[in-house]
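Heads up, the thing below is written out as structure tokens.
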Amino acid sequence: MGEILDNLVSEISQVEIKGKKYLIGKITSIQVIKLARYIVKFTSKINKEKEKLLKEGNSNIEDVLTFFDFLNEDEIAGVLGILLNETDTEFLKNIPIETLTEIIAVICEQTDIKKILGNVQRITESMKK
């Protein structure tokens, strides 16, 4: 039975930020809901031109990086807080770029971010009708 369970567990990586260790991998349903809520809040603030850029991404990483282009330091820390289950977002500000890219890479490898962004967009569009 252990062998079957081992196959069901997603690949998990460990990242250390300022002495704290975090396990990262496929994001949970709770994290998806929090992230979706965050994205809806964010997209309601941006203009149509920026929204178009988010729709035209070609890959998970491009969509994620395009999303981060429009966030300020506090908002980036908020997203990282969701992804790492960390409530102290002040702690997450100004983390090393190597660590940030590692977090994004692992999450993109384990989660279909483009599909999540597309579904959030569908929700947003349906609410406008």
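Taken together, the values in this text are just the output of simple stated rules run on the coordinates, not laboratory data. On a predicted model such as this, the values are computed, not experimentally measured, just so you know. Because the Cβ atoms are built from the backbone with ideal geometry, glycine has one as well, and the counts that use them run over all protein chains shown.
Structure shown: which of Lys18/Lys93; Lys18/Lys114; Lys34/Lys93; Lys41/Lys115; Lys18/Lys41; Lys41/Lys128 lie over 22 Å apart, alpha-carbon to alpha-carbon? From the list (Lys18/Lys93; Lys18/Lys114; Lys34/Lys93; Lys41/Lys115; Lys18/Lys41; Lys41/Lys128), the Cα-Cα distance tops 22 Å for Lys18/Lys114; Lys18/Lys41. Spin-label model, Glu125/Ile30: points 7 Å from Cα along the beta carbon direction are separated by 3.2 nm.
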